[in-house]
Amino acid sequence: RKEVEQDPGPFNVPEGATVAFNCTYSNSASQSFFWYRQDCRKEPKLLMSVYSSGNEDGRFTAQLNRASQYISLLIRDSKLSDSATYLCVVSLGGGTSYGKLTFGQGTILTVHP
Amino acid sequence: ETGVTQSPTHLIKTRGQQVTLRCSSQSGHNTVSWYQQALGQGPQFIFQYYREEENGRGNFPPRFSGLQFPNYSSELNVNALELDDSALYLCASSLMEQSYEQYFGPGTRLTVT
């Protein structure tokens with residue numbers, strides 16, 4: 001079983017749509033959770049951290065369910081510029097695992113006019 | 001821009017050769033992590049360097065080695081290149097105390113023929 005698994009996608013949605021990405025992780029000792037965005041042939045960039053209480057940044061909302069080991073990202077009112085690959089990322093934190101980020105395989109989102 | 005630079009941008013090598021990739025970390029950062037991203041996959045953790053010592057390693061063979069210099073820049077060396085080593089190699093810099101906040105460079109795209 002992969003350490004971090006995401007919806008395989010791809011997602012193809014019209015502008016203005018709401019789209020949700022799901023992710024599960026296998027290691028219950030994981031401590032930090034993130035969503036990264038990666039544009040084609042570019043480096044990953046941190047989109048947002050994910051907290052148990054849920055957090056929102058504009059049109060983006062992230063949720064974490066530690067009991068189910070499940071992470072989600074909701075994008076409302078999709079824009080053309082949201083087209084990218086979205087990576088679910090988990091970190092154990094502490095000891096020699098400190099700073100090791102474990103990535104899911106990514107979900108491709110294409111927003112069309 | 002993150003301030004993390006990598007060189008070269010692209011590289012083509014032949015199977016069995018050796019390669020050295022370079023990374024300059026963001027000013028003030030003391031930790032460098034290296035990741036390999038194969039086409040269509042999420043990045044995979046190779047290793048991390050802190051204070052010129054390896055501080056954690058992923059599931060990569062010993063022919064993947066690294067160095068960190070006193071100015072915190074880093075090198076990734078790969079010996080006896082194999083076709084499967086073809087990938088985007090990303091370095092990420094961070095502060096050890098906040099290693100979960102990693103800033104990625106643009107990557108080096110390595111092709112092994």
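The values are calculated or read from the model by the stated rules, or taken from the named source; none is laboratory data. These numbers come from a predicted model, not from an experiment. Please note: Cβ atoms are built from the backbone with ideal geometry, for glycine as well, and neighbour counts cover all protein chains shown.
Cβ-Cβ distance below 6 Å, separation of 6 or more or different chains: which pairs start in segment B:37-55 with a residue that is free of Cβ contacts under 8 Å to residues at least 12 places away in the same chain and end on one that is not acidic (Asp, Glu)? Short answer, once both residue conditions are applied: B:GLN41/A:GLN105; B:GLY42/A:LEU87; B:GLY42/A:PHE103; B:GLY42/A:GLY104; B:GLY42/A:GLN105; B:GLY42/A:GLY106.
Given the conditions (1) facing chain A (nearest Cβ under 10 Å); (2) in contact (Cβ under 8 Å) with a residue 40 or more places away in the chain, and given that B:ALA80 satisfies all but one, which numbered condition is not satisfied? With respect to (1) facing chain A (nearest Cβ under 10 Å); (2) in contact (Cβ under 8 Å) with a residue 40 or more places away in the chain, B:ALA80 is out only on (1). Return yes or no: is A:ALA84 more than 13 Å from chain B (Cβ to nearest Cβ), surrounded by 13 or more Cβ atoms within 10 Å (Cβ to Cβ) and hydrophobic (A, V, I, L, M, F, W, C)? Spelling it out, A:ALA84 is indeed more than 13 Å from chain B (Cβ to nearest Cβ), surrounded by 13 or more Cβ atoms within 10 Å (Cβ to Cβ) and hydrophobic (A, V, I, L, M, F, W, C). With respect to the conditions (1) within 17 Å of B:THR20 (Cα to Cα); (2) assigned to a loop (DSSP other than H, G, I, E, B), B:PRO70 falls short on a single one, namely (1). Take the conditions (1) aliphatic (A, V, I, L, M); (2) more than 24 Å from A:VAL4 (Cβ to Cβ); (3) not in a loop (DSSP other than H, G, I, E, B); B:LEU76 misses just one of them, which is (2).
On the stretch given as segment B:38-49, residues that are crowded, with 16+ Cβ neighbours inside 10 Å and more than 8 Å from chain A (Cβ to nearest Cβ) total 3. Within segment A:1-11, the residues that satisfy the criterion of being surrounded by 14 or more Cβ atoms within 10 Å (Cβ to Cβ) and not acidic (Asp, Glu) are A:VAL4, A:GLN6, A:GLY9, A:PHE11. Filtering segment B:43-66 to residues that are hydrophobic (A, V, I, L, M, F, W, C) and out of contact with any Asp or Glu (no Cβ under 7 Å at 6 or more places or on another chain) leaves B:PHE45, B:ILE46, B:PHE60, B:PHE64.
Would you confirm, using the coordinates I've provided, whether B:ASN59 is part of a strand (DSSP E or B), over 13 Å from the mean Cα position of the chain (by Cα) and under 28 Å from A:SER30 (Cα atoms)? Against the criterion (part of a strand (DSSP E or B), over 13 Å from the mean Cα position of the chain (by Cα) and under 28 Å from A:SER30 (Cα atoms)), B:ASN59 does not qualify. Of everything in segment B:2-28 that is assigned to a loop (DSSP other than H, G, I, E, B) and farther than 17 Å from B:SER73 by Cβ, the residue that is farthest from the other protein chains (Cβ to nearest Cβ) is B:GLY16. Kindly evaluate B:LEU90 against the criterion of being part of a strand (DSSP E or B), at pLDDT 95 or above and crowded, with 19+ Cβ neighbours inside 10 Å. For B:LEU90, the condition - part of a strand (DSSP E or B), at pLDDT 95 or above and crowded, with 19+ Cβ neighbours inside 10 Å - is met. The set of residues in segment A:12-51 that are hydroxyl-bearing (Ser, Thr, Tyr), within 13 Å of chain B (Cβ to nearest Cβ) and surrounded by 13 or more Cβ atoms within 10 Å (Cβ to Cβ) comprises A:TYR25, A:SER30, A:SER32, A:TYR36, A:SER49.
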